[in-house]
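To start, the structure under review is shown below, and the notes come after it.
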Amino acid sequence: MAKKMASARISTASSQLLTELNNSLPFDKALYAEDIEGSRAHAFMLGEQGIISKEDVAAIDAGLAQIKEDIDAGKITLDGDDEDIHMAIERHLTERIGDAGKRLHTARSRNDQVALDFRMYVQRNTLLIGELLLENIKTFIDVAEKNAETLLPGMTHLQHAQPINFGYHMMAYASMFKRDYERFMSSYERNNFSPIGCAALAGTPHPINRKITAEKLGFDAPTLNCLDTVSDRDFALEILFNISTMMMHMSRLSEELIIWSTSEFGFVTLSDRHATGSSIMPQKKNPDIPELLRGKTGRVNGNLISLLTVMKGLSLAYNKDMQEDKEGVFDSVRTAVLSLQVMNEMIAEMRVNVEKMDKACMIGHLSATDLADYLVRKAGLPFRDAYHIVGNVVNFAEEKGLDISELTLEDLQSVDTRIAEDVVALLDNRASMNARKSEGGTATERTLEQIESMKGWLEAQ
Ligand code: ARG
């Protein structure tokens, strides 16, 4: 049945192998809701323009609504040998309403139909991912707010560098996810144009009105050029790239969570709900969730590269290669949605071990730069000279097995007499963190400012 509808030109039955290679129904059935909604809008427009009768429109509309309900309810299973979701729905419709069903495909092609369905899917999921990102940003802000005074060794090269606060670190991620959100939204706006009515590649001689379908389906307007519309998949590439970038951020966070939850660090404890045990080692609590998020990032990157590669050599307009556009996008979207939901829970429920972080700040002479800055300000030394003096102070502290913040004034002066009493307070890690109050810096007051600014932004979304 499917083969008969698909082609007037091909007479012999297809090879079973061809069918298996060619059919996209096993995966594009995920687009059934979009396909039906698009067809209803198209039929409505055909009726408005007098291209088909209002009676036919009514029959098509009721038939499609019923098919949608039946698929929702599992009464239609979409596992037949139809070539794709478009042919499957059209077949069901025609079986149910007869000739009127055969008029639905007037003034359209599967080329604009699939471009429409897929774009609707991408647009909807862009909004869904956007919502989830906002929820996550809110969670990061909550954790940041509670920890704007929680000292944490800031690192470069994974080596202790300068004291920061944990809230500041969380706000770094909130900032990344905010940009991710903006990237999704800007893609949404750029792509919110309707493909339907482009037909096979060149438009149609029927007196259609693409504005009607565009408006009915929630697009800003019809696309400009039909040849482009049925040929390109950059809207799909955008969601893939946006997901990859977002997952890259999530993966870096995951890497930190994995490190932070080791016995060596112990900065955070993931909730038991987000960790798993070992089948042999009874004592184990493994950070599988962040590991999976990190791992899945590899897969979504692969999906992006796959589609870029599929598209790169295609002449205009539609080529069947383009049927390969969907599975990777479905996979990346599913991964993104689930990962965002999990990340939100995991961050909200993790325990922040304030004391462990505090204690770790006593390793690595975090306030060494403060001493150098002091010598520049106070004794007027060139920074490079101050830098060398502080190197000597650090060596001195190392010999005594102390952190420089633990040295007495006498200790310090034994290395350099230009160090005076007022320096002792500066070497305290909290003082050091709070001294970094330049714009965007880590000082608690600045962190709180960043939180306020991000809250204001959130409210405006
Ligand atoms: N299943 C096809 C796809 O996903 C639909 C478009 C088919 N168009 C065509 N001219 N064969 O790309």
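Tell me which lysines have Cα within less than 16 Å of residue 54's Cα, excluding those fewer than 8 residues away on the same chain?
Answer for residue 54, where 16 Å is the Cα cut-off: 102, listed by chain and number.
Just want the ordering: 370, 112, from fewest to most Cβ atoms lying within 10 Å of their own Cβ.
Fewest-to-most ranking of 370, 112: 370, 112.
Projected onto the charge dipole of segment 214-338 (+1 at Lys/Arg Cβ, -1 at Asp/Glu Cβ, origin at the Cα centre), which of 225, 314, 244 gives the Cα projection farthest towards the positive end?
Farthest towards the positive pole: 244.
Quick query: amide H of residue 436 versus all other amide H atoms, modeled in the peptide plane; which residues come in under 5 Å with a sequence gap of 5 or more or a different chain?
Result for residue 436 returns 443.
Neighbour counts of other C-beta atoms within 10 Å: give me 309, 447 arranged from fewest to most.
Least to most surrounded, the residues fall as 309, 447.
Students often get this wrong, so check it: of 146/359; 29/68; 356/455; 296/326; 29/75, which have C-alpha atoms separated by over 23 Å?
356/455
Given q = 0.20, 0.24, 0.27 Å⁻¹, what are the Debye log10 I(q)/I(0) values for segment 230-273, with equal point scatterers placed on the Cα positions and solvent ignored?
Debye curve over Cα of segment 230-273, log10 I(q)/I(0) at q = 0.20, 0.24, 0.27 Å⁻¹: -0.69, -0.81, -0.89.
Could you calculate the FRET efficiency of residue 420 with residue 345 from 1/(1 + (r/R0)^6), where r is the beta carbon distance between them and R0 is 41 Å, rounded to 0.05?
The value I calculate is 0.20.
Positive end of the charge dipole of segment 318-434 (Lys, Arg +1 and Asp, Glu -1 on Cβ, about the Cα centre): tell me which of 368, 379, 329 has its Cα farthest that way.
Value computed over the given set: 329.
Over all alpha-carbon pairs in segment 55-183, figure out the percentage whose distance exceeds 17 Å.
Taking all Cα-Cα pairs of segment 55-183, the fraction more than 17 Å apart is 73 percent.
For residue 37, what charge total do you get from the other residues with a beta carbon under 10 Å from its beta carbon, if Lys and Arg give +1 and Asp and Glu give -1?
0
With angles folded into 0 to 90 degrees, how steeply does helix 54-72 sit against the dominant principal axis of the chain? Use alpha carbons for both and round to 10.
50
If amide hydrogens are placed 1.01 Å from N in the peptide plane, which non-local residues have theirs closer than 5 Å to the one on residue 81?
Here nothing satisfies the definition.
When every alpha-carbon pair in the chain is counted, what percent end up more than 42 Å apart?
38
Relative to the Cα centre, what is the charge dipole magnitude of segment 303-461, using +1 at the beta carbon of each Lys and Arg, -1 at the beta carbon of each Asp and Glu, and rounding to the nearest 20 debye?
Charge dipole of segment 303-461: 480 debye, to the nearest 20.
Among 438, 357, 397, pick out the residue whose Cα is farthest towards the positive end of the charge dipole of segment 355-459, where Lys and Arg carry +1 and Asp and Glu carry -1 on C-beta, about the Cα centre.
Toward the positive end, the furthest listed residue is 438.
Counting alpha carbon pairs within less than 8 Å and at least 6 residues apart, what relative contact order, in whole percent, applies to segment 318-432?
RCO, segment 318-432: 25 percent.
Angle between the Cα long axis of helix 32-48 and the longest principal axis of the chain, 0 to 90 degrees, nearest 10?
50
Give the angle, between 0 and 90 degrees and rounded to the nearest 10, that separates the Cα long axis of helix 444-459 from the longest principal axis of the Cα atoms of the chain.
10
With a sphere of radius 11 Å drawn around the Cβ of residue 428, what net charge do the other residues whose Cβ falls strictly inside it have (Lys, Arg +1; Asp, Glu -1)?
Neighbourhood net charge equals -2.
With an 8 Å cut-off on Cα pairs and a minimum separation of 6 or more residues, tell me the relative contact order of the chain in percent.
16
Give the separation of the Cα centroids, segment 113-155 to segment 216-264, in Å.
Here the two parts' Cα centres lie 12 Å apart.
With charges only on Cβ, +1 for K and R and -1 for D and E, what is the dipole size of segment 266-326 about its Cα centre, in debye, rounded to 20?
100
For the chain, list the cysteines whose Cβ sits under 4.7 Å from no other cysteine Cβ?
That list is 361.
List every residue whose amide H lies under 5 Å from the amide H of residue 271, counting only residues 5 or more places away in sequence or on a different chain, with H placed 1.01 Å from N in the peptide plane.
350, 351
Readers should treat all values here as calculations from the given coordinates under stated rules, not as data from a laboratory. This structure is a prediction, so every number in the text was calculated from the model and none was measured. We place every Cβ from the backbone using ideal geometry, glycine too, and count neighbours over all the protein chains shown.
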